[in-house]
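In what follows, a structure is listed as structure tokens, so that the remarks can point back to it.
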Amino acid sequence: MPEAMPNFQPVAALFFSAALVAGGWRGFLIPSVAWIISYPLPIFFQGGPVSDPLIFGSTLLAFGITFLIGKSLSTRSMPTLLIGSLTAALSFHLITNGAAWLFDPRYAKTLAGLVQSLWTGAPGAPLPSWVFLRNFAAANLLFTWIVLSARICLPQLAIASPVSSTPAH
């Protein structure tokens, strides 16, 4: 599936949803640690070097912004939260591709180079960057919806089937 749907992954939705569910610093720390631990693994197993620290930092910054967008919307309705998840995906794309434009020598440091990084991608890239944005936004929307739906449904399930307080013999 990664080849068919590049960038279709739940990580940003975890940051967005963690702000809704956990809220405080733990809500940011838990997905951050999971991402920092898992980030180099695919690159390591595919034989490539771990990404540039500036790109790593800009990605972590984008996850932080994603978390803050979720936190700022935490008391809103489901439709607003889903729109917020799309806004977070767009913000993530702008931050990370903007950083690629700044730090990657393949991009001209002009407005045209910025548009290239945001829309068409690096020269010779097999897919344009808008495909990554589309897939990222779809994943963010889907995985945020799953977490929000679970958040709504699970308390009702707990009430419908209470746990017995008597010990089993």
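The values are calculated or read from the model by the stated rules, or taken from the named source; none is laboratory data. On a predicted model such as this, the values are computed, not experimentally measured, just so you know. Glycine also receives a Cβ, built like all others from the backbone with ideal geometry; neighbour counts cover every protein chain displayed.
Would region 159-169 turn up any residue that is at pLDDT below 95 and surrounded by 10 or more Cβ atoms within 10 Å (Cβ to Cβ)? No: region 159-169 contains no residue that is at pLDDT below 95 and surrounded by 10 or more Cβ atoms within 10 Å (Cβ to Cβ).
Scanning region 103-115 for residues that are closer than 29 Å to residue 144 by Cβ and without any contact (Cβ under 8 Å) to a residue 12 or more places away in the chain gives a single hit, 115. In region 111-126, the condition of being at pLDDT below 95 and of a type in the set (A, V, I, L, M) is met by at least one residue.
Of the numbered criteria (1) closer than 23 Å to residue 61 by Cα; (2) not in a loop (DSSP other than H, G, I, E, B), the one residue 74 fails is (2).
This table checks each residue for (1) polar (S, T, N, Q); (2) modelled with pLDDT under 95; (3) under 16 Å from residue 145 (Cβ atoms); (4) touching a Gly at 6+ places or on another chain (Cβ under 8 Å).
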| position | (1), (2), (3), (4) |
| --- | --- |
| 57 | no, yes, no, no |
| 60 | no, yes, no, no |
| 76 | no, yes, yes, yes |
| 79 | no, yes, yes, no |
| 86 | no, no, yes, no |
| 91 | yes, no, no, no |
